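The structure appears right after this line, and notes come after that.
The values are calculated or read from the model by the stated rules, or taken from the named source; none is laboratory data. None of the values given here were measured: they were computed from a predicted structure. Neighbour counts run over all protein chains shown; Cβ positions are idealised from the backbone, glycine included. Please note that ligands, DNA and RNA were not included when accessible areas were found on the heavy atoms of the full protein model with its side chains. Shrake-Rupley method; radii C 1.70, N 1.55, O 1.52, S 1.80 Å.
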Amino acid sequence: MNISHIEHLGIAVKSLEQAIPYYENVLGLKCYSIEEVADQKVKTAFFKVGQTKLELLEPTSEDSAVAKFIEKRGEGIHHLAFAVEDGVANALAEVEAKEVKLIDKAPRKGAEGLNIAFLHPKSTIGVLTELCEDPNK
Ligand code: CMX
């Protein structure tokens, strides 16, 4: 697999309204987009740090993966997302052949129109890992 860079870090927060002022007023970053990803039951807020983004994730429902995460582990870093250059489907086939457990068997649409897929943290030494590809690049 050919990873070009860290596309984003996903950070679980209870409330975007409470978290965004920290990123803007303390760290001096600018929130450039707020987007609801209905099928993931989250509302997201994006910041750019060089080529990498921060994606704040607020759960929109008690049964969302992010709500479960916050309940169990508290707010904090939720996942690490790599940009892959040769397609998410190819990367999935490659890691599956190396016996990594997949959460998504095939790429699907994530925030910002990216093609994405998650790898299970039990197979990735504890880090929920996302593979992403911008279909417009
Ligand atoms: N990072 C590391 N480990 C995690 C984790 C995370 N984000 N979330 C859960 N785990 C661990 C749990 O601690 C648990 O470990 P133990 O068995 O040792 O306690 C194990 O994984 C199973 O966790 P669980 O609480 O029973 O939760 P589920 O199995 O229901 O779900 C997961 C875990 C990762 C499969 C699920 O959250 C998932 O499918 N995630 C992918 C989708 C997602 O995260 N969407 C939100 C972001 C969407 C976006 O970016 O747009």
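Within region 122-137, which residues are more than 10 Å from the ligand (Cβ to nearest atom) and exposed (fewer than 12 other Cβ atoms within 10 Å of the Cβ)?
Correct list: D134, P135, N136, K137.
With the requirement that a residue be in contact with a His (Cβ under 8 Å, 6 or more places away or on another chain) and within 12 Å of the ligand (Cβ to nearest atom), what does region 42-65 give you?
The answer is F46, K53, L54, E55, L57.
Pairs under 6 Å by beta carbon, first residue touching a residue at least 60 places away in the same chain (Cβ under 8 Å) and closer than 13 Å to V127 by Cα in region 65-82, partner open to solvent by less than 40 Å² (accessible area, probe 1.4 Å) and of a type in the set (D, E), six or more apart or different chains?
That search, which allows pairs on different chains as well, returns H79/E130; A81/E7; A81/E130.
Does region 113-121 contain at least one residue that is open to solvent by 10 Å² or more (accessible area, probe 1.4 Å), at pLDDT below 95, outside any loop (DSSP other than H, G, I, E, B) and not aromatic (F, W, Y)?
Yes, that holds for at least one residue.
Is there any pair with a first residue in region 99-111 that is at pLDDT below 95 and a second that is open to solvent by 30 Å² or more (accessible area, probe 1.4 Å) whose Cβ atoms are under 7 Å apart and which are 6 or more apart or on different chains, and what are they?
As it stands, the answer is K109/N115; A111/E35, since those pairs meet every condition given.
Please go through region 1-36 and give me each residue that is closer than 29 Å to E133 by Cβ, surrounded by 12 or more Cβ atoms within 10 Å (Cβ to Cβ) and hydroxyl-bearing (S, T, Y), ordered by number.
Listed by number, the residues that qualify are S4, Y23, S33.
Of all residues in region 71-99, which are among the β-branched types (V, I, T) and either open to solvent by 30 Å² or more (accessible area, probe 1.4 Å) or in a helix (DSSP H, G or I) (or both)?
I77, V88, V95
Anything in region 37-50 that is within 10 Å of H8 (Cβ to Cβ) and open to solvent by 60 Å² or more (accessible area, probe 1.4 Å)? List them, or say none.
Within region 37-50, K48, V49 qualify.
In this structure, does K68 turn out to be surrounded by fewer than 17 Cβ atoms within 10 Å (Cβ to Cβ), among the charged types (D, E, K, R), within 17 Å of the chain's Cα centre (by Cα) and not in a strand (DSSP E or B)?
Considered against the rule, which asks whether it is surrounded by fewer than 17 Cβ atoms within 10 Å (Cβ to Cβ), among the charged types (D, E, K, R), within 17 Å of the chain's Cα centre (by Cα) and not in a strand (DSSP E or B), K68 comes out as yes.
Restricting to region 1-41, what's the tally of residues that are more than 16 Å from the ligand (Cβ to nearest atom) and in a strand (DSSP E or B)?
3
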